[in-house]
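What follows is one structure encoded as structure tokens, with my remarks underneath.
Please treat every number below as a calculation from the coordinates, not as lab data. Keep in mind the model is a prediction, meaning the values are calculated, not measured. Here the Cβ is made from the backbone with ideal geometry for all residues, glycine too, and neighbour counts use every protein chain on show.
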Amino acid sequence: MMYKNKRLQEKITQFSLQNQNYKKNAMLNHIQDDLFEMKSSGMSWNAIMDALPAYGLMVSDSSFKKFLKKSREQE
């Protein structure tokens, strides 16, 4: 069974309803805290990226890596 986070699902759903033509980066920024929480719970970045389609979020490998690089630079 795949890890499922209800709060993350709600955040993604709400954001996509409020922002019909959102960019993937905007969504990733919106759920950034949840992604880092998943990482600190022991999931690998690859596992997290593989889990995103279950939430209705399709992100390419390169987009996800760009997002991670940018978010690390902001720390």
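Among the residues in the range 45-59, are any exposed (fewer than 10 other Cβ atoms within 10 Å of the Cβ), in contact with a helix residue (DSSP H, G or I) (Cβ under 8 Å, 6 or more places away or on another chain) and not basic (Lys, Arg)? Yes, the range 45-59 contains a residue that is exposed (fewer than 10 other Cβ atoms within 10 Å of the Cβ), in contact with a helix residue (DSSP H, G or I) (Cβ under 8 Å, 6 or more places away or on another chain) and not basic (Lys, Arg). Within the range 1-44, restricting attention to residues that are under 20 Å from LYS66 (Cα atoms), among the charged types (D, E, K, R) and over 10 Å from the mean Cα position of the chain (by Cα), the residue that is surrounded by the fewest Cβ atoms within 10 Å (Cβ to Cβ) is LYS23.
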